[in-house]
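To keep things clear, I will list the structure first and then write my remarks on it.
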Amino acid sequence: MKQLFIIVIAFLCFSVEGQQTDYVDFVKAKAEVAFDNSGANQVLGFITYEFVVLEASDSIFVNANNFESIEYRLNGTIIDSLYDGKHVIIKHDFKPKTKHTLEIAWITQPSKALYFIVAEEDNAQIWSQGQGKYTSNWLPSIDDMNDKIEFDLSITYANGYEVLANGKLINKDIGESTTVWHYDMQKPMSSYLVALAIGKYNKKELTSKSGIPIKLYYYPEDSAKVEPTYRYTKQLFDFLEEDIGVPYPWQNYKQVPVKDFLYSGMENTSLTIFSDDFMIDETSFVDKNYVNVNAHELAHQWFGNLVTETEGKHHWLQEGFATYYALLAERDIFGDDYYYWRLYEYAQELLEQERAEQATALLDPKASSTTFYKKGAWALHMLHMKIGEVAFKKAVKNYLETYAFKNVQTEDFIAEVEKASGQDLTTFVLQWLTSAVLPEKEMRFALEKNEMTSFLLAMEESPYLSYKKDDNDDIIPSSLVHKLPDGYYPVQSAVVTKLLQKPKYPMYASLVTEAFQSKELQVRQVIAQNLSEIPSELKTDYESLLEDKSYVTVETALYNLWSNFPDARKKYLDQTKDVIGFNAKNVRTLWLVLALNTQDYNEDKKREYYDELVAYTSPLYGFQLRENAFKYLEAINAFNAVALKHLVAATTHHNWRFKSFAKELLERLSEDERYEQIIANLQTEQKK
């Protein structure tokens, strides 16, 4: 009988899950969430839902995945705990047009969607990532993004921490050891956008031109990184609000970095969570800044959060729009040439995907991120060109206002564009949205409207080192490097790249020497990355790269100089001994390995250098740094028991890319007889 009961429940949930929004509308939720701080990574909660029945039904459900304990009370009187491991099932004779309350109490230890992060002592983090259908792993909620709900969260956590959630902080109840943080949302959102973040933070506060409070969070030790990390934030916000033409739809906007985040960033409603790898210093800005991610996640507050796709087929309405409007915002900061150069880069990536026979239609729900993001952005760029500025802005404004706090399909957007422009977009839809074939000719025509990308296109086909205007005017690389306007580094870099591939070119040495004189860090970086075998006559010029304000350049130059000129290794190591690099310590970890492998260099400190490298494999550090350290230990064949223990632990990490890397590395090391038994013992211990 019990088995039959489970089968009936499973059938019930399977048969109604995709259709529940047709007969019930969840309107409001007030959730109370607490953490026991015992190290058990346990969530205790209580949530009250208000919902309206649209059509008669004998049951409804709420998604809840793998909860330890869960029970509910309907309308304050009916108590039950019917639960199949994925759904709380409420059996009742629901009548149309009736309102109800549903209270759910639960305990769970989530394996996904809510992450408890190991950090330095007394500096833990907890953060959520619900995109997809994951919020229901820690909060009983509705996985269907078509049901939008107003969520108010109250979160209890230990004193001394900042606790962030969607909406506005309206109150804090401070107790002896814990504080309850009360957040209020005034508008509805899909459940996957519910978020919280807990950690040790300071904050910088701004106000947008329209009066929206903007709060930028950072680790207390990162005060010097605040300006370069959050540079242009207010300008981005003000530009998007004005260009989109629809006011920012939420009460405030917050951004917070977290350790070991799964992606670059996530646009939770009013609370963007992003990887702390983007917390950068001034030197990092050239190579790795947060501007594009910042703009992209902010654009999602309109495209994705205010209006939300109905299903994966229309995912470009979120990612394509966010990518495109991020480019427009960057164009406002960096100019037209930058904008077209990024479009050129997107085009190259899309063409490479097509050559690999991996291209799909934009409306294919199984399309790649490259398609949703970059082909989507290109489609909007071409649509903008086709119908003109006035009609495009009018269409976007009408689209957002018409479907605010609702769900949309591509047809909804296209209808608004046709209405605003008076144009039939059948051909555009066929060419850009439903065809897997990339409209390369049209893209090329669009790029030729900009002089810099026109140069880049011409250089792709030119047999010369550079762009040849006509039969009598071959622009040599030196003139391109030194006579083009500032900011033309993509063209200059392309010229230098082609030059370095032709060492037998008659003027090779003199032209490379000239290229070294470029004021553009990106051009000099191209030399560092493409000149691994350094001619002796270029040694002095190449050594100057160690002084560049670029951690990528310094890392590359240090390795190449160390490899090419053994007699000068000590000099290069002394020159760079205090350079750390990005948060993943790219320069420092390389330096440690080179120091360990340089004969007669600080022999009395080599144990210290080795121990430092091993220490970076610890879970106390971000996975990017750990991966660097693991790679170098493998390269020098120098794992010890501590590093192996950390590697075994990494095979269960929540970041799937890092986890996969750790598993593959562990498999390789297990084939080495020196490590085989140690690894086997560690794996046995881990399973206990």
(message) Test of understanding: among PHE630, PHE582, which residue is assigned to a helix (DSSP H, G or I) and at negative phi?
(response) PHE630
(request) Test each condition in (1) free of Cβ contacts under 8 Å to residues at least 12 places away in the same chain; (2) open to solvent by less than 40 Å² (accessible area, probe 1.4 Å); (3) acidic (Asp, Glu) for GLU603 and report the one that comes out false. (result) (2)
(request) Filter region 282-333 down to the residues that are charged (D, E, K, R) and over 14 Å from the mean Cα position of the chain (by Cα), then identify the one that is nearest to ASN398 (Cα to Cα). (result) GLU309
(request) Give me a count of the residues in region 657-683 that are closer than 22 Å to LEU262 by Cα and without any contact (Cβ under 8 Å) to a residue 24 or more places away in the chain. (result) 6
(request) Mind listing whichever residues of region 208-248 are β-branched (Val, Ile, Thr) and over 30 Å from GLY160 (Cβ atoms)? (result) ILE244, VAL246
(message) Just to be sure I understand, how many residues within region 376-420 are surrounded by fewer than 17 Cβ atoms within 10 Å (Cβ to Cβ), without any contact (Cβ under 8 Å) to a residue 40 or more places away in the chain and among the aliphatic types (A, V, I, L, M)?
(response) 2
(request) Could you pull out the residue among GLN522, GLN529 that is surrounded by fewer than 21 Cβ atoms within 10 Å (Cβ to Cβ), in a helix (DSSP H, G or I), without any contact (Cβ under 8 Å) to a residue 40 or more places away in the chain and under 30 Å from the mean Cα position of the chain (by Cα)? (result) GLN529
(request) Go through region 34-69 and give me each residue that's assigned to a strand (DSSP E or B) and hydrophobic (A, V, I, L, M, F, W, C). (result) ALA34, PHE35, VAL43, LEU44, PHE46, ILE47, PHE51, VAL52, VAL53, ILE60, PHE61, VAL62
(request) Name the single residue, out of those in region 421-443 being assigned to a helix (DSSP H, G or I) and touching a residue at least 40 places away in the same chain (Cβ under 8 Å), that is nearest to HIS315 (Cα to Cα). (result) LEU433
(request) Answer with yes or no whether LYS571 is surrounded by fewer than 16 Cβ atoms within 10 Å (Cβ to Cβ), of a type outside the set (Asp, Glu) and part of a helix (DSSP H, G or I). (result) yes
(message) For region 534-556, give me each residue that is among the basic types (Lys, Arg) and either touching a strand residue (DSSP E or B) at 6+ places or on another chain (Cβ under 7 Å) or in a loop (DSSP other than H, G, I, E, B) (or both).
(response) LYS549
(message) Condition (residue is assigned to a strand (DSSP E or B) and open to solvent by 40 Å² or more (accessible area, probe 1.4 Å)) applied to region 102-124: is it met by at least one residue?
(response) yes
(message) Given the options ASP184, ASP143, ASP152, name the one that is touching a Gly at 6+ places or on another chain (Cβ under 6 Å) and under 21 Å from ILE273 (Cα atoms).
(response) ASP184
(request) Looking only at region 350-365, decide whether some residue is of a type in the set (Lys, Arg), touching a residue at least 60 places away in the same chain (Cβ under 8 Å) and assigned to a helix (DSSP H, G or I). (result) no
(message) List pairs: first residue in region 222-245 and among the acidic types (Asp, Glu), second residue surrounded by 15 or more Cβ atoms within 10 Å (Cβ to Cβ) anywhere in the structure, Cβ distance under 7 angstrom, at least six positions apart or on different chains.
(response) ASP222/MET279; ASP238/SER208; GLU241/SER208; GLU241/TYR248; ASP243/LEU328
(request) Can you tell me which residue among GLU685, GLU667 is assigned to a helix (DSSP H, G or I), surrounded by 11 or more Cβ atoms within 10 Å (Cβ to Cβ), charged (D, E, K, R) and on the phi < 0 side of the Ramachandran plot? (result) GLU667
(message) Tell me yes or no: at least one residue of region 236-251 is within 12 Å of the chain's Cα centre (by Cα), assigned to a loop (DSSP other than H, G, I, E, B) and either hydroxyl-bearing (Ser, Thr, Tyr) or surrounded by fewer than 18 Cβ atoms within 10 Å (Cβ to Cβ) (or both).
(response) no
(message) Looking at region 313-330, can you tell me whether even one residue there is open to solvent by 10 Å² or more (accessible area, probe 1.4 Å), touching a strand residue (DSSP E or B) at 6+ places or on another chain (Cβ under 9 Å), under 19 Å from MET145 (Cβ atoms) and not aliphatic (A, V, I, L, M)?
(response) yes
(request) Would you kindly identify the strands (runs of 3 or more DSSP E) lying entirely within region 141-199 that contain at least 1 residues that are crowded, with 22+ Cβ neighbours inside 10 Å and in contact (Cβ under 8 Å) with a residue 24 or more places away in the chain? (result) 150-158, 162-165, 178-184, 196-199
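Residues are listed down the side, and each one gets a yes or a no for (1) touching a His at 6+ places or on another chain (Cβ under 6 Å); (2) open to solvent by less than 30 Å² (accessible area, probe 1.4 Å); (3) closer than 18 Å to GLN686 by Cβ; (4) without any contact (Cβ under 8 Å) to a residue 12 or more places away in the chain:
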site	(1), (2), (3), (4)
SER618	yes, yes, yes, no
TYR621	no, no, no, yes
GLN624	no, no, no, no
ASN628	no, no, no, no
TYR632	no, no, no, no
ASN637	no, no, no, yes
LEU644	no, yes, yes, no
LEU647	no, yes, yes, no
THR652	no, no, yes, no
(request) Kindly indicate the residue of region 58-79 that is closer than 15 Å to THR98 by Cβ and free of Cβ contacts under 8 Å to residues at least 40 places away in the same chain and also surrounded by the most Cβ atoms within 10 Å (Cβ to Cβ) among those meeting that condition. (result) LEU74
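The values are calculated or read from the model by the stated rules, or taken from the named source; none is laboratory data. Since the model is a prediction, treat every value here as computed from it, not as a measurement. Positions of Cβ are backbone-derived with ideal geometry, glycine not excepted, and every protein chain shown enters the neighbour counts. These accessible areas exclude ligands, DNA and RNA; they are computed on the full protein's heavy atoms, side chains included. Shrake-Rupley method; radii C 1.70, N 1.55, O 1.52, S 1.80 Å.
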